[in-house]
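Here the structure is laid out as structure tokens; the discussion comes afterwards.
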Amino acid sequence: MESGDRNKRLRVVMAALAKGDRSATFDLYAEFGGPIRSWMRRLLRRLGVDVVGGEDLDGLVIDACLELQSCAGSWDPDGGALPWVWAEKRLLGVASRWVGQHADALDERDEAVGRMVATVAGRATEPAAVELLARLDHPTCVLLREALEAVASVRDREIVLEVGLQRSLGDGSPAVTIGPSVGLRPDAVRQVLRRVRRRLHELAEEEPRYAVLADLALLAV
């Protein structure tokens, strides 16, 4: 797509966001995720984080798109700045919250790795929840898979589904159980759950065909 056409498309997407079209958030992610990703990397480096995993970065890009959705009405397309550059302070806040959320987990990396090895070894023959969902062809399962792919990174999808599976098995503290396998503290796992559930609820409200997902126990607080 030529630069001029791309700029026109960006204006269309941002205008849709400004009018409250939440589905345009996914258009922003799909079509402009590349430059937003580069901008988020730049902001992370400003905060002292030079290395970030691909899945974590994908989650941050989604968060950035949601933040841009919330302020799209204030962006001036004739102002000369791209939305993610114009909203630098807001996106720096998104990056800062992520750094704060993961700081403790990074400091305790050795402990987390040791617990992760023990956990994975104990259930090495069991299929992951993501794999289980992929095998199911029930319409609701297919919808759930599509919805999760639309609003969450691969890692976050794994967390949501594994926690749901653990809870169904009677685990009273699934975030504690799952945390080591993804290198996160339990409070960080719960933050991921809240974020993904909120996005799923918003998607269910915005898109009628996903409405059935709102009643799933997986989305319960």
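Assorted remarks:
- When residue 59 is tested against (1) assigned to a helix (DSSP H, G or I); (2) modelled with pLDDT under 90; (3) surrounded by fewer than 16 Cβ atoms within 10 Å (Cβ to Cβ), only condition (3) is not met.
- Flag if residue 135 is more than 30 Å from residue 48 (Cβ to Cβ) and modelled with pLDDT of 80 or more: no
- Any chance residue 112 is small (Gly, Ala, Ser), under 30 Å from residue 45 (Cβ atoms), out of contact with any Cys (no Cβ under 7 Å at 6 or more places or on another chain) and modelled with pLDDT under 70: yes
- For residue 18: the one exception among (1) touching a residue at least 24 places away in the same chain (Cβ under 8 Å); (2) under 20 Å from the mean Cα position of the chain (by Cα): (2)
- Residue that is farthest from residue 205 (Cα to Cα), among those in the stretch 22-52 that are open to solvent by less than 80 Å² (accessible area, probe 1.4 Å) and touching a residue at least 60 places away in the same chain (Cβ under 8 Å): 26
- In this structure, residue 165 qualifies as surrounded by 14 or more Cβ atoms within 10 Å (Cβ to Cβ) and over 18 Å from the mean Cα position of the chain (by Cα).
- Filtered residue count, the stretch 144-154, keeping only those that are in a helix (DSSP H, G or I) and open to solvent by less than 20 Å² (accessible area, probe 1.4 Å): 4
- Contacts under 6 angstrom Cβ, first residue in the stretch 150-166 being within 15 Å of residue 199 (Cβ to Cβ), partner small (Gly, Ala, Ser), 6 or more apart: 153/59; 156/59; 161/129
- Single residue of 214, 175, 204 found to be of a type in the set (A, V, I, L, M), open to solvent by 40 Å² or more (accessible area, probe 1.4 Å) and without any contact (Cβ under 8 Å) to a residue 60 or more places away in the chain: 214
- Residues that are of a type outside the set (A, V, I, L, M) and crowded, with 21+ Cβ neighbours inside 10 Å within the stretch 76-95 comprise 83, 84, listed in sequence order.
The values are calculated or read from the model by the stated rules, or taken from the named source; none is laboratory data. Predicted, not measured: the structure shown is a model, and the values here were computed from it. A quick note on method: Cβ atoms are made from the backbone with ideal geometry, for glycine too, and the neighbour counts reach across all protein chains shown. Surface accessibility is based on the protein's heavy atoms, side chains included, excluding ligands, DNA and RNA. Shrake-Rupley method; radii C 1.70, N 1.55, O 1.52, S 1.80 Å.
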